[in-house]
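Here the structure is laid out as structure tokens; the discussion comes afterwards.
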Amino acid sequence: MSRAADVTARVLITLLAFTAIAILASICVFLVQSAMKSMGEVGLLSMLKGTSWYPTSDPAEFGFLPSELGSFWVTFVALLLSVPLGVAAAVYLSEFATPVVKEFGKTIVEFMAAVPSVVFGLIGLYIVVPLIKTSFHLDSGLTGMSAGLIVGIVCLPTIISISEDAMRSVPDDLRRGSLALGSTRWQTAVKIILPAASSGIFAAVMLGLGRAIGETMVVLMLAGNAGILPSSPFMAARTLTGTIAQETGEVMRGGLHYSALFTMGLVLFAWTFIINLFADAILDRQKKKWS
Amino acid sequence: MKVRNWIKMLGTVAATAALVFVLAGCGSAKGSGGATSQAESGTITIEGSDTMVNLAQAWAESYMGTNSGVAITVKGGGSGVGIASLVNGTVDYANASRAMKPEEITADKAAGHTPLETAVARDGIAVIVNSANSVKALSTDQLGKIYRGEIANWKDVGGKDAPIVLLGRDTSSGTYEFFNEAVVGKDAKYAKSMRNMQSSQAIVDEVKGNANAIGYVGMGYEEPAIAVLQVDGKAATVAAVKDGSYALSRDLYMYSNGAPTGAAKKYLDWILSAAGQKIVEQEGFVALAK
């Protein structure tokens with residue numbers, strides 16, 4: 001009786017695991033299928049390098065380099081804000097906070113993670129955008145910087161939670177041993193705990209990066225969506241995600257514009273895939289170093 | 001033992017591959033969705049122009065108030081979105097602040113429908129600036145140069161020495177397309193520095209807070225906190241739009257697949273009647289000339 005249940009459970013779990021992989025593979029296939037038309041007629045390279053995005057004009061132009069640069073700047077600013085702040089907060093919560101402060105802090109961080117990003121977008125629109133405009137003397141606060149700051153805040157809870165978990169799972173023996181040998185709490189945290197938890201922290205940063213690249217609503221509201229090539233985050237920026245969201249509603253299924261948007265989606269997918277591969281390789285090296 | 005394991009693994013992989021092809025095939029075989037039935041006991045779905053969305057909601061609320069058996073859903077998204085949904089057969093009416101393009105008409109016909117255009121109101125496009133801006137009037141030629149990026153500083157049109165912050169809608173907007181044809185030039189393109197905002201309200205909000213911004217919105221969005229420029233010497237008033245003397249006047253349309261029937265037809269008739277047109281004026285647009 002229990003043997004049959006065992007086998008059934010194993011088969012079911014294997015099937016579910018493969019279904020998850022199948023779904024991911026189908027998404028890939030669907031993306032490539034839909035992007036085929038524009039890759040054939042317009043050319044992938046010309047789209048990646050093109051600087052003009054005028055999909056509804058005659059003749060239509062499908063260059064999305066401005067969107068790529070915009071996504072890059074927003075993600076860059078977001079990570080610049082969220083990684084140092086997030087890891088520092090995690091170190092504090094894990095190593096230095098008293099139990100009461102720790103509980104309180106963790107609850108707030110989890111609550112932040114539950115707030116929909118649109119709400120942060122609204123806060124950004126009415127508070128951050130005018131602030132950026134006056135602090136940096138720009139003509140408009142709708143820039144990659146404003147979007148990046150808010151996206152950073154959106155990624156913060158993810159990075160803090162996962163880094164803190166990684167640090168908490170470092171065995172106490174290491175801490176006690178280090179303190180017994182005469183290090184201060186700060187030296188222990190920075191020289192022993194951080195390196196030991198580094199693979200977990202790295203995973204947290206990768207997750208934050210994925211979140212930042214994929215954030216759509218906030219960048220749509222705050223980044224300005226101008227078709228220029230932004231040479232700094234202080235200029236208005238388009239993003240891959242924002243452009244797809246803005247224009248998907250109005251395209252004719254099967255048309256060239258539709259296909260070009262899917263190519264953008266494919267580029268996003270490829271970026272995330274490459275980042276994950278890279279992250280995996282580094283994690284592998286970390287594991288080998290520490291085991 | 002080992003052989004059995006191999007068979008199990010191959011079986012699961014084969015099942016997975018089959019699943020992948022079924023899922024991928026599902027996506028492409030679906031094609032255009034089924035058309036909604038227009039006689040569906042009192043449900044009307046309308047989607048499209050962001051310029052018209054407040055007007056469409058006012059119509060819907062007023063009509064549903066006196067006809068409790070009818071449920072009307074109104075969505076924005078832009079004229080392009082509404083027309084695309086009409087072609088895909090998922091809505092009864094598409095609100096549009098521009099005429100359907102030839103390729104959209106072809107796509108609709110290819111999907112087995114014939115689009116029917118009904119003008120339901122008139123609108124003027126108001127060019128707005130911050131109330132602190134000293135410029136009060138511009139010509140269509142100057143506006144064209146500004147929106148093509150050829151003029152980039154307010155001092156070149158009589159204002160102070162400050163860069164012009166260009167605001168516009170995005171490609172799904174009928175207002176974007178109309179402005180492109182009427183001001184920027186049929187074959188010309190908007191300047192790349194123009195910021196694509198999500199909605200007319202987003203443009204109004206940014207103009208309110210930015211002394212150097214310029215934007216274009218439907219007349220219905222005018223507010224006391226922003227100033228409306230005169231275009232070619234004419235102010236954007238109801239009378240000027242009605243007789244067409246304001247340069248940026250246009251018709252607002254509702255498109256349907258073929259002639260509407262049942263509840264949808266009654267609704268359109270009501271919109272064209274005096275009751276519906278009264279709401280047009282209340283919302284800040286211009287009623288159709290009788």
Mean-square fluctuation check for chain A, GNM, Cα pairs under 10 Å: which of A:I150, A:I192, A:I201 is largest?
A:I192
Residues of segment B:117-135 with backbone nitrogen within less than 18 Å of a virtual label 7 Å along the Cα-to-Cβ line of B:E223, please, listed as ranges.
B:126-133
What's the magnitude of the charge dipole for the protein assembly as shown around its Cα centre, counting Lys and Arg as +1 and Asp and Glu as -1 at the beta-carbon? Answer in Debye, nearest 20.
1860 debye
I need the P(r) histogram for chain B: all alpha carbon pairs, bin width 5 Å from 0 out to the longest distance, whole percents.
1, 5, 11, 14, 15, 13, 10, 8, 6, 5, 3, 2, 2, 2, 1, 1, 0, 0, 0
Using a 10 angstrom cutoff on alpha carbons, build the Gaussian network for chain A and name the most mobile of A:L156, A:L16, A:L45.
A:L16
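Can you put A:M145, A:M112 in order of Cβ neighbours within 10 angstrom, beginning with the fewest? Each step should come with its number before you reach the end.
Numbers: A:M145 25, A:M112 16.
Result, fewest neighbours first: A:M112, A:M145.
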Can you tell me the length gained on complete extension of the stretch B:R4 to B:T73, counting 0.36 nm per residue apart and subtracting the Cα distance?
19.1 nm
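Is the C-alpha gyration tensor of chain A telling us rounded, prolate or oblate? Criteria: a/c under 1.5 is rounded; beyond that, a/b larger than b/c is prolate, otherwise oblate.
Verdict is oblate for chain A.
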If you build a Gaussian network model of chain B, linking Cα atoms that sit under 10 Å apart, which residue out of B:A239, B:A119, B:A56 swings the most?
B:A239
Shielding of B:206-212 by other chains, given as the mean Cβ count within 10 Å, works out to 3
log₁₀ of I(q)/I(0) at q = 0.08, 0.09, 0.12, 0.13 Å⁻¹ - segment A:137-291, Debye sum with one point per alpha carbon:
-0.37, -0.45, -0.70, -0.77
Please compute, for peptide A:217-229, the average count of beta-carbon atoms on other protein chains lying within 10 Å of each residue's beta-carbon.
4
Projecting each Cα onto the charge dipole of the protein assembly as shown (Lys/Arg +1, Asp/Glu -1 at the beta carbon, about the Cα centre), which of A:L69, B:L288, B:V87 comes out farthest on the positive side?
A:L69
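Excluding A:T184 itself, calculate the net charge of residues whose Cβ lies under 13 Å from the Cβ of A:T184, where each Lys or Arg counts +1 and each Asp or Glu counts -1.
Here the charged neighbours net out to +2.
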Once label points are set 7 Å from the Cα along Cα→Cβ at both A:E41 and A:L85, what is their separation, rounded to one decimal in nm?
4.4 nm
Rounded to one decimal in nm, the spacing of the 7 Å Cα→Cβ label points at A:I123 and A:F273 is 3.6 nm
Multiply the residue separation of B:A239 and B:K278 by 0.36 nm, subtract the distance between their alpha-carbon atoms, and state the gained length in nm to one decimal.
12.5 nm
State, to one decimal in nm, how far the label point of A:A4 lies from the label point of B:V13, with both points 7 Å from Cα in the Cβ direction.
3.1 nm
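For the protein assembly as shown, what does -39500 (n - 2.57) per DSSP helix run (n ≥ 4), summed and divided by total residues, give at 222 nm, in deg cm²/dmol to the nearest 500?
Per the formula, -17500 deg cm²/dmol.
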Computed over segment B:123-249, the Cα gyration tensor eigenvalues, each multiplied by 5 and square-rooted, give semi-axes in Å (largest first) of 18, 17, 15
With the charge dipole of chain B built from beta-carbon charges (+1 for Lys and Arg, -1 for Asp and Glu) about the Cα centre, the Cα from B:G42, B:G159, B:G77 projecting farthest to the positive end belongs to B:G77
So what J values fall out for segment B:150-166 if you push phi through Karplus, 6.51 cos²θ - 1.76 cosθ + 1.60 with θ = phi - 60°, rounded to Hz, Gly and Pro as x?
6, 10, 10, 10, 4, 5, 6, 10, x, x, 7, 7, 8, x, 7, 9, 8
Treating every alpha carbon of the protein assembly as shown as one equal point scatterer without solvent, the Debye formula yields log10 I(q)/I(0) values at q = 0.09, 0.10, 0.11 Å⁻¹ of -0.83, -0.98, -1.12
Around A:I274: net Lys/Arg minus Asp/Glu count, Cβ-Cβ under 14 Å
-2
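Restricting to Cα pairs below 8 Å that are 6+ residues apart, what does the relative contact order work out to for segment B:28-178? Please round to a whole percent.
Once divided by the residue count of segment B:28-178, the mean separation gives 24 percent.
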Is segment A:1-116 best put as rounded, prolate or oblate by its Cα gyration tensor, with a ≥ b ≥ c the root eigenvalues, rounded for a/c under 1.5, and otherwise prolate when a/b is larger than b/c, oblate when not?
oblate
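Every number in this text was worked out from the coordinates using simple rules, so none of it is lab data. Small disclaimer: the values here were computed from a predicted structure and weren't measured. When we count neighbours, we look across all protein chains shown, and the Cβ atoms used for this are built from the backbone with ideal geometry, even at glycine.
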